[in-house]
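Everything on this sheet refers to the single structure shown next.
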Amino acid sequence: DAKTTQPTSMDCAEGRAANLPCNHSTISGNEYVYWYRQIHSQGPQYIIHGLKNNETNEMASLIITEDRKSSTLILPHATLRDTAVYYCIVVASGGGADGLTFGKGTHLIIQP
Amino acid sequence: DTAVSQTPKYLVTQMGNDKSIKCEQNLGHDTMYWYKQDSKKFLKIMFSYNNKELIINETVPNRFSPKSPDKAHLNLHINSLELGDSAVYFCASSQGGLETQYFGPGTRLLVL
């Protein structure tokens, strides 16, 4: 029962902004959008999350549409080390204790 | 300082053996998890523990038994290993069941 839809793969040139879309058209009012990434042979890494407002941290920016049915993760200046699988996850507040449901994610490849 | 650590990193064993994977977190979190990532790279929750008590067990065979001696540790014991148990197992932790989870580096289990 997929709650999110992401492209299977994307390419981006090094130094450019990488924009990763996620569709979550059935999101509920109390559900957050979380982004994680998994670099090859490593554990998943938290990137950013948001509810309604756009968010920015040292790693990325998260843009959520006004109707909350989709979002975009932005890596402003992609480097080769950003090559990874990026997961968009929708989860209710406090629902993390049930574990996160990872989909297939987007395999982002940063090209030199 | 490693926030979430797992040992061993690699584990190769024969079918039918019993093995354990250890996990420790030094973040002071009260919720810990075990995830399994299979050969197709799907990452699925197995167990969730809060303050040494089991919260969730996601249809995992009872050959798998988590043990939490204290809040900082969640070990995974596997009896009668089968070929299908070959996977990467990730431990994670969070505070209060929040969705921001911190993952360990993974344990790569190969059952021959």
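In the set (1) closer than 16 Å to B:Arg108 by Cα; (2) modelled with pLDDT of 90 or more; (3) over 10 Å from the mean Cα position of the chain (by Cα), B:Glu24 fails one condition alone, (1). All conditions in (1) at pLDDT 95 or above; (2) more than 10 Å from chain B (Cβ to nearest Cβ); (3) farther than 16 Å from B:Ala92 by Cβ hold for A:Val85, with the sole exception of (2). Scanning segment B:100-112 for residues that are at pLDDT below 95 and more than 14 Å from every other protein chain (Cβ to nearest Cβ) yields nothing. The number of residues in segment B:66-75 being crowded, with 16+ Cβ neighbours inside 10 Å and either farther than 12 Å from B:Lys22 by Cβ or not hydroxyl-bearing (Ser, Thr, Tyr) (or both) comes to 6. Say whether the condition of being touching a strand residue (DSSP E or B) at 6+ places or on another chain (Cβ under 9 Å), assigned to a loop (DSSP other than H, G, I, E, B), at pLDDT 95 or above and of a type in the set (Ser, Thr, Tyr) is met by at least one residue in segment A:58-75. So far as segment A:58-75 goes, yes, one or more of its residues are touching a strand residue (DSSP E or B) at 6+ places or on another chain (Cβ under 9 Å), assigned to a loop (DSSP other than H, G, I, E, B), at pLDDT 95 or above and of a type in the set (Ser, Thr, Tyr). Scanning segment B:31-54 for residues that are at the interface with chain A (Cβ under 10 Å from one of its Cβ atoms) and assigned to a loop (DSSP other than H, G, I, E, B) yields B:Lys40, B:Lys41, B:Phe42. If you go through segment A:8-52 and pick out every residue that is touching a residue at least 40 places away in the same chain (Cβ under 8 Å) and closer than 16 Å to A:Ile109 by Cα, you end up with 19.
For segment B:76-99, filtered to residues that are under 26 Å from A:Val91 (Cβ atoms) and of a type outside the set (Gly, Ala, Ser), the residue that is farthest from the other protein chains (Cβ to nearest Cβ) is B:Leu76. If we keep just the residues of segment B:56-99 that are among the polar types (S, T, N, Q) and part of a strand (DSSP E or B), which is modelled with the lowest pLDDT? It comes out as B:Asn57. Set side by side, the residues A:Gly29, A:Gly103 differ, and just one is surrounded by 14 or more Cβ atoms within 10 Å (Cβ to Cβ), at pLDDT below 95 and assigned to a loop (DSSP other than H, G, I, E, B), which is A:Gly103.
Each residue in segment A:32-67 was checked for being more than 14 Å from the chain's Cα centre (by Cα), surrounded by 13 or more Cβ atoms within 10 Å (Cβ to Cβ) and not polar (S, T, N, Q), and 1 pass. Residue check: is B:Ile78 touching a helix residue (DSSP H, G or I) at 6+ places or on another chain (Cβ under 8 Å), without any contact (Cβ under 8 Å) to a residue 12 or more places away in the chain and either of a type in the set (A, V, I, L, M, F, W, C) or crowded, with 19+ Cβ neighbours inside 10 Å (or both)? So B:Ile78 fails the test.
The values are calculated or read from the model by the stated rules, or taken from the named source; none is laboratory data. Just so it is clear, the structure is predicted and the values come from calculations on it, not from any experiment. Neighbour counts run over all protein chains shown; Cβ positions are idealised from the backbone, glycine included.
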